[in-house]
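Data block below; observations after.
The values are calculated or read from the model by the stated rules, or taken from the named source; none is laboratory data. As the structure is a prediction and not an experimental result, all values here were calculated from the model. So basically every Cβ, Gly included, is an ideal-geometry build from the backbone, and we count neighbours across all protein chains shown. Surface areas here come from the heavy atoms of the whole protein model, side chains and all, with no ligands, DNA or RNA. Shrake-Rupley method; radii C 1.70, N 1.55, O 1.52, S 1.80 Å.
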Amino acid sequence: MTTNQLAGEADDTEAGSTEPGGSRYKWVILGTALTALTTGSIVYSGTSVLTAFWLRDYHLTAATAGLASAAMHAGPIASMLLLGSAIDRYGERWVVSLTMVAMGLTSLAAAALHPGYPVLLLFLLATGAFYGSILPGGQRAIARWFEPGLQSMATGIRQAGLPLGGSLAGIILPPLALHYGWRWAIAAQGVAGIVGGVVFAVLYRTSGGGSSSRRGPSANLRQLVRALLAEPVVRSLLTSGLVLVAFQYVISTQILIFLSNHLGIPLVTAGLMYSAAQVAGIVGRIGLAWTSDHFWPGRRLRSLRWLLVVSAVPVAALATLGSHSPYWLDYALCLVLGLLSAGWYPLYLVQVTELAPRTAVASTLSFAITLNQIIASVAPPLFGYLCGAISYPASWLLLGALFLGSALQLRQTGTTTDRKEKTRAQAH
């Protein structure tokens, strides 16, 4: 069974085929999806901000304090496939809005009950599980409303909600926790989740005015996964996504340690370099998507291949740095790495969406994102272990070699798809 067979005889109004790109309301939809991801990120990313307060109040070790972020990250891994299937069956509007409200209520309950740390971890696990609808639901909304030529850029703008929400969490939550206690900070997270859910429920519409009432049958998850993995191009794309998400999270979690411990850069200066990389990541999410759509419309596999090849260069350059490297070079590499390590994701999400069966877009996205979440959890500690076992330079070079190997296998299996994409782009 192939992904095309799984699509079945789906109604032509699904997944944006009712000319969603012709409506100005698509920009309202983009703002709605951005708001949902930003408010959701305040809850999701805010856990890391509050960990220091829990470490102090619960008298935790660094290892046990880290369980808080682990619980929040484990939630989407456990729930995303089921929520993606629910989105395909019932539509993104109510699944996303209701789970966001539930996420907010869970945070409010944790704030009100003031539980012990083990129970707090259960609340965080549940909160993360409800968060699992936002990524596939928002991406399905983009696919429904935006024409192919704008989907990458729209996805990049929406994805900026992740760092934006994380930045807002860093600005809002610590003062609340310091002055009023961390329960009020969790309550603020809960309010943010509820606001995001209400906004999505009120403003979101399916394209064409109510097309969500006519859907094809949703695919069985096991059959869907089997069909996806049977396609060589899908396998290559998913593999490339695993390499790129490892790149993203290794850079975000290890670069500050590398700069301060290995290169001996003062912590404040290293923090500025890290911040520069984060800002570049926001630019990359939008700018690389726009560049791909503008110069190679409809050829995202080609863009991902070149991104893999180009990313190998600054990663390999990290292996050459020493304690006497000029700061301007360190800054430049951080900017480039931040740009590339975050900029790939919109292109990847849109390509997964386009390869997905029409009746299983959210389920396919959920499967791909779940794989990425698992690697995001495993890659940073594994890379840290390698750095201790062999060295930082050798570990950076190994990561660069993974880029080149992934680009090669994506090129070998993506030639046929590239031809189809080019033909479709010329037809438009």
Would you look at the GNM of the chain, springs on alpha carbons closer than 10 Å, and say which of His294, His73, His324 moves the most?
His324
Report ³J(HN,Hα) in whole Hz for each residue of segment 377-390, in order, from the Karplus equation J = 6.51 cos²θ - 1.76 cosθ + 1.60 where θ = phi - 60°; Gly and Pro get x.
7, 8, 4, x, x, 5, 5, x, 5, 4, 4, x, 7, 10
For every helix of n ≥ 4 consecutive DSSP H residues, a contribution of -39,500 (n - 2.57) applies; sum these over the chain, divide by its total residues, and give [θ] at 222 nm rounded to the nearest 500 deg cm²/dmol.
-28500 deg cm²/dmol
If you take the Cα atoms of the chain, find Rg, then find the Kirkwood Rh from the mean of 1/r over all pairs, what is Rg/Rh?
0.96
Need one number: convex hull volume per residue for segment 45-169, Cα atoms only, in Å³.
107 Å³
In whole Å, how far is the Cα centre of segment 90-154 from that of segment 319-360?
25 Å
Loop only by DSSP, 14 or fewer other Cβ within 10 Å of the Cβ. Give me the trypsin sites (Lys or Arg not before Pro) in segment 238-337 that pass, ordered by residue number.
none
Leaving out ligands, DNA and RNA, what percent of the accessible area of the chain is carbon and sulfur, probe 1.4 Å?
67 percent
So what J values fall out for segment 392-403 if you push phi through Karplus, 6.51 cos²θ - 1.76 cosθ + 1.60 with θ = phi - 60°, rounded to Hz, Gly and Pro as x?
5, x, 5, 5, 5, 5, 5, 5, x, 5, 4, 4
Mean separation of Cα contacts under 8 Å (6+ apart) over length of the chain, as relative contact order %
26 percent
